[in-house]
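Colleague: Provided herewith is a single structure, encoded as structure tokens, for subsequent inquiry.
The values are calculated or read from the model by the stated rules, or taken from the named source; none is laboratory data. Not measured: the values here are computed from a predicted model. Virtual Cβ from ideal backbone geometry, glycine too; neighbours counted across all protein chains shown.
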């Protein structure tokens, strides 16, 4: 059991403005009472949209809570939740909160051993899974973690009527809960009234780039404070139409799809699956849309590939109007006069910009955001040219992902905006960004050492290096821990250079290495779709990712892209040599986290021979590549990889 959330005395001292009855369950009940028939959630299943009103939402939550309580879940218990975005999983998480227990979401592609480790750290007895695939993983995990006694599934395919011991359907749990509620009319109100604003609403997890992930408890008060601060800044508005497609284990999904959705009565729309998300986005037509720089770039790449395959009038219109809109946005960015006439803009809106936004599902988006890493200039300007007021924001799990954001009038690639109302910010003497506010978590789960390092006198030490511009906007430079030195003492942050390399549509991932070395080198993972399209247009033949990556013409392409980045880097920080890796970095191989952050120790260890060969000046290397098969087994494959110089590197 998790006892920390019930230290309400400490929580009350830290958050004297929080009111006990102000929590997610109470607000959900208020929505159901005042707006019972209003649509709270929609899910596409087998091509049909299924709708849930606020009354339906509350009924599902209380039924699940009552049913789960009959299975022995008690206050403080941690319950694992794993799967893609599904209404029943959202309902289940709120039902768990009603019992003053704690939902702990895991990434749907987490490996068996990762799940077993998480369950052992959190003493989990009950897990809720989306489908048979997740049930099978959890049952495999029981071999190393026998403490898991009950698995509850949502999708009945392959399971209904054939449940192994210790496995039950969500429908059965809800039916048992419904029976309890019918027998005791006061139970529903009791369940809604049990939680406190000081209870933990969700147990999130750090990315684990340097070791085991840390558990991050976020209380109802943290979540609501973050949402209300953001709403006060105009970041959210009441009644937004939102698409829930981001991983449920990511803090942003909990904040957007549960916290903000309940507080501001969003209509949350869930696509059929990840493969249909782009198609479903067009039907949903959200008013609020968040995506990572990587996803914005992928969306642009799809358009560019489509336009490259299109001819005639459509292509000519695109080639006429988009460059003019891009030039106008670039002028705004540089503080120069905009030379695009109003008539040209209106015609472009009718002929190109509006139809493209509609095609992408962005026709109604009024608030478009990006965060997580730096976004490429061309990507940023292209979407703004399309008519989206795309803005950047900055946040972490520890501050509910809501801390700093650009205002609509702030057009900048280098900054992430100003703090939200209710959030204090300062830069300490080491250049680290510090934050304080009621949206900041109170400490890590069962980890007093990390808590003491992260929270000092109420200030969250974010671990990020930053600076504040004269206009008050924050610039995030990278992780403080990632400030390293070359052999000659030149300091650099690899992430800063990597993000700029990834501005190229042809580079999906990059790892820059140079700590203690004479030169900077880079391991590049090409973007298969974008480079494949480029190869097709330029007559470069290939049959696989590995073959394409090693083509001399592709090396020339990537060398030009790196040289362009080098031209804007300080002297001594140019990338001098690089290799195109034969594969993408893969979370299943432990090279990146589930949120695609580099695990540098793994990269350094696994690709050590390549790194050394680049520094030795070799032109190629015979590399024994590790591969992971779909069944989880590993093997190796011999690869000959080219190692190349970047002309003009300084």
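Colleague: Residues that are under 21 Å from residue 192 (Cβ atoms) and at pLDDT below 95: does the range 21-34 have at least one?
Modeller: There is at least one residue in the range 21-34 that is under 21 Å from residue 192 (Cβ atoms) and at pLDDT below 95.
Colleague: Only one residue in 302, 265, 294, 315 is over 21 Å from the mean Cα position of the chain (by Cα) and on the phi < 0 side of the Ramachandran plot. Which one?
Modeller: 315
Here's the yes/no breakdown for (1) within 20 Å of residue 191 (Cβ to Cβ); (2) within 26 Å of the chain's Cα centre (by Cα); (3) touching a residue at least 60 places away in the same chain (Cβ under 8 Å); (4) part of a strand (DSSP E or B):
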{"residue": "71", "(1), (2), (3), (4)": "yes, no, yes, no"}
{"residue": "75", "(1), (2), (3), (4)": "yes, no, yes, no"}
{"residue": "84", "(1), (2), (3), (4)": "no, yes, yes, no"}
{"residue": "97", "(1), (2), (3), (4)": "yes, yes, yes, no"}
{"residue": "116", "(1), (2), (3), (4)": "no, yes, no, no"}
{"residue": "135", "(1), (2), (3), (4)": "no, yes, no, no"}
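Colleague: Scan the range 129-148 for residues that are exposed (fewer than 14 other Cβ atoms within 10 Å of the Cβ) and in contact with a strand residue (DSSP E or B) (Cβ under 8 Å, 6 or more places away or on another chain) and jot them down.
Modeller: If the condition is that a residue be exposed (fewer than 14 other Cβ atoms within 10 Å of the Cβ) and in contact with a strand residue (DSSP E or B) (Cβ under 8 Å, 6 or more places away or on another chain), then no residue fits.
Colleague: Just give me the residues in the range 138-179 being over 24 Å from residue 114 (Cβ atoms) and assigned to a helix (DSSP H, G or I), in sequence order.
Modeller: 171, 172, 173, 174, 175, 176, 177, 178, 179, listed by residue number.
Colleague: To continue, here is another question. Of the residues 228, 237, which single one is assigned to a helix (DSSP H, G or I), touching a residue at least 24 places away in the same chain (Cβ under 8 Å) and under 24 Å from residue 33 (Cβ atoms)? If you could, list the steps in order and put the result at the bottom.
Modeller: Working: 237 fails: assigned to a helix (DSSP H, G or I).
Every option except 228 fails the conditions.
Colleague: So, of the residues in the range 27-47 that are more than 29 Å from the chain's Cα centre (by Cα) and either assigned to a loop (DSSP other than H, G, I, E, B) or not assigned by TED's automatic domain parsing to the domain that holds residue 194 (or both), which turns out to be surrounded by the fewest Cβ atoms within 10 Å (Cβ to Cβ)?
Modeller: Among residues in the range 27-47 that are more than 29 Å from the chain's Cα centre (by Cα) and either assigned to a loop (DSSP other than H, G, I, E, B) or not assigned by TED's automatic domain parsing to the domain that holds residue 194 (or both), the one surrounded by the fewest Cβ atoms within 10 Å (Cβ to Cβ) is 37.
Colleague: Next question, about the same structure. With respect to residue 66, is the statement that it is within 27 Å of residue 220 (Cα to Cα) and surrounded by fewer than 22 Cβ atoms within 10 Å (Cβ to Cβ) true?
Modeller: For residue 66, the condition - within 27 Å of residue 220 (Cα to Cα) and surrounded by fewer than 22 Cβ atoms within 10 Å (Cβ to Cβ) - is not met.
Colleague: Quick one: which residue in 216, 192 is closer than 29 Å to residue 11 by Cα and within 21 Å of the chain's Cα centre (by Cα)?
Modeller: Details: 192 fails: within 21 Å of the chain's Cα centre (by Cα).
So the residue among 216, 192 that is closer than 29 Å to residue 11 by Cα and within 21 Å of the chain's Cα centre (by Cα) is 216.
Colleague: In the range 1-20, how many are part of a loop (DSSP other than H, G, I, E, B) and at pLDDT below 95?
Modeller: Total satisfying the criteria: 9.
Colleague: Of the conditions (1) at pLDDT 95 or above; (2) closer than 22 Å to residue 506 by Cα, residue 615 clears all except one; give me its number.
Modeller: Just one mismatch for residue 615, condition (2).
Colleague: If residue 567 passes every condition in (1) more than 23 Å from residue 625 (Cα to Cα); (2) buried (at least 20 other Cβ atoms within 10 Å of the Cβ); (3) at pLDDT below 95 but one, which one does it miss?
Modeller: (2)
Colleague: Oh, and also: Only one of these is in contact with a strand residue (DSSP E or B) (Cβ under 7 Å, 6 or more places away or on another chain) and closer than 30 Å to residue 309 by Cα: 510, 494. Name it.
Modeller: 510
Colleague: Follow-up. If a residue must be exposed (fewer than 15 other Cβ atoms within 10 Å of the Cβ), modelled with pLDDT under 95 and in contact with a helix residue (DSSP H, G or I) (Cβ under 9 Å, 6 or more places away or on another chain), how many such residues does the range 342-354 contain?
Modeller: 0
Colleague: Follow-up. With the requirement that a residue be touching a residue at least 40 places away in the same chain (Cβ under 8 Å), more than 22 Å from the chain's Cα centre (by Cα) and not in a loop (DSSP other than H, G, I, E, B), what does the range 397-436 give you?
Modeller: Those that are touching a residue at least 40 places away in the same chain (Cβ under 8 Å), more than 22 Å from the chain's Cα centre (by Cα) and not in a loop (DSSP other than H, G, I, E, B): 425, 427, 432.
Colleague: May I ask you to list the residues in the range 301-337 that are over 25 Å from residue 537 (Cα atoms) and surrounded by 13 or more Cβ atoms within 10 Å (Cβ to Cβ)? If you could, list the steps in order and put the result at the bottom.
Modeller: Step one: filter the range 301-337 for residues over 25 Å from residue 537 (Cα atoms), giving 325, 327-337.
Residues satisfying the conditions are 325, 327, 328, 329, 330, 331, 332, 333.
Colleague: Return the residues of the range 218-241 that are surrounded by 23 or more Cβ atoms within 10 Å (Cβ to Cβ) and in contact with a helix residue (DSSP H, G or I) (Cβ under 9 Å, 6 or more places away or on another chain); say none if nothing qualifies.
Modeller: Within the range 218-241, 218, 219, 220, 221, 222, 223, 224, 226, 227, 230, 236 meet the criteria.
Colleague: Same structure, new question: So which residues in the range 454-473 are outside any strand (DSSP E or B) and either crowded, with 18+ Cβ neighbours inside 10 Å or at pLDDT 95 or above (or both)?
Modeller: 454, 473
Colleague: Next question. Among the residues of the range 366-389, how many are touching a residue at least 60 places away in the same chain (Cβ under 8 Å) and either in contact with a helix residue (DSSP H, G or I) (Cβ under 7 Å, 6 or more places away or on another chain) or outside any helix (DSSP H, G or I) (or both)?
Modeller: Qualifying residue count for the region: 16.
Colleague: Any residue that is in a helix (DSSP H, G or I) and touching a strand residue (DSSP E or B) at 6+ places or on another chain (Cβ under 6 Å) - is there at least one of those in the range 330-351?
Modeller: For the range 330-351, residues in a helix (DSSP H, G or I) and touching a strand residue (DSSP E or B) at 6+ places or on another chain (Cβ under 6 Å): absent.
Colleague: May I pose another question? Test of understanding: among 57, 52, which residue is outside any helix (DSSP H, G or I), at pLDDT 95 or above, surrounded by 18 or more Cβ atoms within 10 Å (Cβ to Cβ) and touching a helix residue (DSSP H, G or I) at 6+ places or on another chain (Cβ under 8 Å)?
Modeller: 52
Colleague: Okay, next question. Taking the stated definitions as given, is residue 188 surrounded by fewer than 18 Cβ atoms within 10 Å (Cβ to Cβ), touching a residue at least 12 places away in the same chain (Cβ under 8 Å) and part of a helix (DSSP H, G or I)? Don't jump to the end; show me each part of the working.
Modeller: Values: surrounded by fewer than 18 Cβ atoms within 10 Å (Cβ to Cβ): no; touching a residue at least 12 places away in the same chain (Cβ under 8 Å): yes; part of a helix (DSSP H, G or I): yes.
Spelling it out, it is not the case that residue 188 is surrounded by fewer than 18 Cβ atoms within 10 Å (Cβ to Cβ), touching a residue at least 12 places away in the same chain (Cβ under 8 Å) and part of a helix (DSSP H, G or I).
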